[in-house]
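Asks: Have a look at the structure that comes next, please.
What follows draws every value from the coordinates through simple rules; no lab data is involved. Nothing here was measured: the structure is a model prediction, and the numbers come from that model. Don't worry about glycine lacking a Cβ; one is built from the backbone with ideal geometry, like all the others, and counts go over all protein chains shown.
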Amino acid sequence: MIIVAGSLFVAPEGRAAYLDNCREVIVSARSSEGCLDFHLSADPLDNGRINVYERWSGRRELDAFRGDGTGDDQGAQILGADVREYICDREIRL
């Protein structure tokens, strides 16, 4: 399993529009083979921060969805990012 988590940073005045434009990406990801969860959300304390959380069954599925990455329009709005992948070799249910 692969977990992708972290933060994107955009201009505070553009965050709502950025997230609205991501709705199709979220729908597409959640319907993709191997997607266990996919979420982008507005951070409640930092007006320019978007929290990222993705969970995928494996590398092949993640890479197939990711393709060429963020489109130019969305990429141009990202001022900074701290997003990382974590490879999990075992799962503990709580």
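Asks: Treating only the Cβ atoms of Lys and Arg (+1) and Asp and Glu (-1) as charged, compute the dipole magnitude of the chain about its Cα centre; round to the nearest 20 debye. Could you put the intermediate results ahead of the total?
Replies: Working: 11 positive and 17 negative charges, 64 e Å.
Charge dipole of the chain: 300 debye, to the nearest 20.
Asks: Okay, moving on. Report ³J(HN,Hα) in whole Hz for each residue of segment 54-63, in order, from the Karplus equation J = 6.51 cos²θ - 1.76 cosθ + 1.60 where θ = phi - 60°; Gly and Pro get x.
Replies: After applying 6.51 cos²θ - 1.76 cosθ + 1.60, I find 9, 9, 10, 6, x, 4, 4, 5, 5, 5 Hz.
Asks: Can you list the residues, at least 5 places off or on another chain, whose amide H is less than 5 Å from the amide H of Leu36, using H built in the peptide plane?
Replies: It is Arg55, Trp56, Ser57, by chain and number.
Asks: Let me ask something else about it. Could you work out which residue, out of Ala64, Ala16, Ala29, moves most in a Gaussian network model of the chain, that is, has the largest mean-square fluctuation with Cα springs under 10 Å?
Replies: Taking springs between Cα atoms under 10 Å, the residue moving most is Ala64.
Asks: Under a point spin-label approximation (7 Å from Cα along Cα-to-Cβ), what is the Asp82-Ser7 distance to one decimal in nm?
Replies: Spacing of the two 7 Å Cα→Cβ label points: 0.6 nm.
Asks: Next up: Could you work out which residue, out of Val25, Val83, Val52, moves most in a Gaussian network model of the chain, that is, has the largest mean-square fluctuation with Cα springs under 10 Å?
Replies: In the Gaussian network model the winner is Val83.
Asks: When the chain is treated as a GNM, springs tying every alpha-carbon pair under 10 Å, which of Gly14, Gly48, Gly58 comes out with the largest mean-square fluctuation?
Replies: Gly14
Asks: How much length would be gained if the chain were fully extended between Arg90 and Asp37, taking 0.36 nm per residue of separation minus their Cα-Cα distance, in nm to one decimal? Before the final figure, lay out the partial values.
Replies: Working: separation 53, 0.36 × 53 = 19.08 nm, distance 1.71 nm.
Answer, rounded to one decimal: 17.4 nm.
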